[in-house]
2 protein chains.
Amino acid sequence: MSGSKEFGVRPGEKTVELPAKPDAGVYFIGSIHTPWRTRDDCPKNARESDAVCTVALDPRFADALKDVETCSHLVLLYWMDQSPRNLLVQVPGHLGSQYGTFALRSPARPNPIAMSVVKLLGIEGNNLRVIGLDCLDGTPLLDIKPYLPSVDSVPEAVVGWRTKKE
Amino acid sequence: MSGSKEFGVRPGEKTVELPAKPDAGVYFIGSIHTPWRTRDDCPKNARESDAVCTVALDPRFADALKDVETCSHLVLLYWMDQSPRNLLVQVPGHLGSQYGTFALRSPARPNPIAMSVVKLLGIEGNNLRVIGLDCLDGTPLLDIKPYLPSVDSVPEAVVGWRTKKE
């Protein structure tokens, strides 16, 4: 994938030649409906918005939702299908200097899989109402997991470059 | 994928016919080295072990590690390539009753992508030393992300079925 016009390579960015073919395949198991139709519309991060979004699961997988309604928060994985995959060093527009792709949550990465922690409001049939997303409307869904605070919550974690450079 | 012998379908489990072909492809960008060679060896969850594991990134992607050393914790995504993908309702051996796949962190899921939060001890070249994994030795790596407590940490999250049924 060469990336859409919105994601051109900026001065200071480094790219890589990707492997000739993928190693494994993913299924799109549903889609995510949000209020945001362009990348500029999207909040810079998920805590900037309390918009209610809808996760529409393909009915084929509906039985796998059993017990999910008992979870207050979920981990969602989804596929950022508009992003280039060959950027190793990026210059995010709102930061203006160079960062390694693996130090960023940018959608541009070798495997454009985003991870968001969302609050579950309710489930009606195959549709989950959630708060905590910042992705484009129509983004393909890959996975739903229960959020386990015992292993997933690390309040004291530090991202050093943010305090130094931002 | 029909799954290995270790992952046979148990009484009470439900399967689904998967789509004929995948919707997108992932690259294996490295591999994870752990002390565990069989599924029975693996800790039941990552907080059960403080074993130091090594994430060996393919040198092709090394430039993308810039600034990662400033992160105290990382989100790792990896590919549970030994797992069946067609289970919707599972009966985990240590729980003994039925749960929806999306209410579990089991490696058996339509897209067998695991997510773990790890503590970063250090980086030498393309190798990251981390604590907090529970996967098999040789597991393929998909992504490395900075852990952002502002969006990723929810200490008060609840998984209701765990308190009711366990």
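The values are calculated or read from the model by the stated rules, or taken from the named source; none is laboratory data. Worth saying up front: this structure is predicted, and the values here are computed from it rather than measured. Every residue, glycine as well, gets a Cβ built from its backbone with ideal geometry; the counts of neighbours run over all protein chains shown. Accessible surface areas use protein heavy atoms only, side chains included; no ligands, DNA or RNA. Shrake-Rupley method; radii C 1.70, N 1.55, O 1.52, S 1.80 Å.
Among the residues of the range A:74-81, are any among the charged types (D, E, K, R) and within 23 Å of A:VAL16 (Cβ to Cβ)?
Yes, there is a match, as at least one residue in the range A:74-81 is among the charged types (D, E, K, R) and within 23 Å of A:VAL16 (Cβ to Cβ).
Please verify whether A:ILE144 is under 18 Å from A:ALA56 (Cβ atoms), open to solvent by less than 40 Å² (accessible area, probe 1.4 Å) and not hydroxyl-bearing (Ser, Thr, Tyr), treating the condition exactly as stated.
yes
Scan the range B:65-82 and give yes if some residue there is of a type in the set (Lys, Arg) and farther than 27 Å from A:ILE144 by Cβ, otherwise no.
yes
If you go through the range A:11-27, how many residues are facing chain B (nearest Cβ under 7 Å) and acidic (Asp, Glu)?
1
Can you find a residue in the range A:94-113 that is of a type in the set (Lys, Arg), open to solvent by 20 Å² or more (accessible area, probe 1.4 Å) and outside any helix (DSSP H, G or I)?
Yes: one or more hits.
Take the conditions under 30 Å from A:LEU87 (Cβ atoms) and not small (Gly, Ala, Ser) and apply them to B:LEU76. Does it pass?
yes
Which condition from (1) facing chain B (nearest Cβ under 10 Å); (2) aliphatic (A, V, I, L, M); (3) surrounded by fewer than 21 Cβ atoms within 10 Å (Cβ to Cβ); (4) under 21 Å from B:SER150 (Cβ atoms) is the one that A:VAL52 breaks?
(1)
Check A:ASP58, A:ASP67 and return the single one that is at positive phi and either surrounded by 15 or more Cβ atoms within 10 Å (Cβ to Cβ) or touching a Lys or Arg at 6+ places or on another chain (Cβ under 9 Å) (or both).
A:ASP67
Test A:SER83 against the stated conditions and say whether it is more than 10 Å from chain B (Cβ to nearest Cβ) and either modelled with pLDDT of 95 or more or closer than 18 Å to A:LEU120 by Cβ (or both).
No.
State all residues of the range A:89-103 that are touching a Leu at 6+ places or on another chain (Cβ under 9 Å) and at the interface with chain B (Cβ under 8 Å from one of its Cβ atoms); if no residue qualifies, say none.
A:GLY100, A:THR101, A:PHE102, A:ALA103
Quick check on this structure: which one of B:VAL154, B:VAL130 is open to solvent by less than 40 Å² (accessible area, probe 1.4 Å) and either within 10 Å of another protein chain (Cβ to nearest Cβ) or part of a helix (DSSP H, G or I) (or both)?
Checking each option against the conditions leaves just B:VAL154.
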